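Participant: The following block contains the structure, expressed as structure tokens.
Laboratory data are not the source of any read-out in this text; all were calculated from the coordinates shown. All values derive from a computational prediction rather than experimental measurement.
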Amino acid sequence: KWTNETIPSLFRPYLEVLRESDNLRHLNRRSDTTFPACSCQRRASINVTCVFFERLKSIQIRYCECSPAPLQLLRRGFFPCTPTAPTLAIDLKMLEFARELFLRVAPNNTAWCDRLESFLGACKYKLTTQVRVTLKRLYSICVDMVFQLEYPAATFWKRTNLV
């Protein structure tokens, strides 16, 4: 589902986020996004734990077929850890940092997640067992998916001379 549906559907919105935020410099994390007017019969709401460098934040996402949860999260500056109904999302700035780091050193997602958990713990944020297990299991998937968005985005910018 990631490769065939989610990543392709997020490509243009990801480019928009990069453009509107000056390459993630000024992300708009607005939580006042109104629920899109649509005729979807399947509307849902989920709580998502968002992981930043220095904190955790729980947000509620309302989504439907017209405006899926991954798209809602991306527009707020987060990348979902699963393609449908994610309960964990990672800050795009953190993922960009990890991407740049892993281009220069051997990737070690376990060490990264352990250190992040330790750092957040020192800041008095306690990851629940469910979040801790999910973070370790899905962080590498999340980084890989962002890499899949980053390469075509960089190619697009170079091709259109917008860099």
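Participant: Need one number for segment 54-98: average projected area of the convex hull over its C-alpha atoms, nm².
Facilitator: One quarter of the hull surface, i.e. the mean projection, equals 3.3 nm².
Participant: Over the residues of segment 34-114, compute the C-alpha Rg and express it relative to 2.2 N^0.38 Å.
Facilitator: 1.26
Participant: Separate question: Among the DSSP beta bridges whose two residues both lie in segment 6-119, what percent are antiparallel, rounded to the nearest 5?
Facilitator: DSSP beta bridges in segment 6-119 are roughly 80 percent antiparallel.
Participant: Let me ask you something else. For segment 1-144, what ratio Rg/Rh do Cα atoms give with a Kirkwood hydrodynamic radius?
Facilitator: 0.96
Participant: While we're on this one: Taking a ≥ b ≥ c as the square roots of the Cα gyration tensor eigenvalues, with a/c under 1.5 meaning rounded and otherwise prolate when a/b beats b/c, else oblate, which class fits segment 1-77?
Facilitator: It comes out oblate by the Cα gyration axes.
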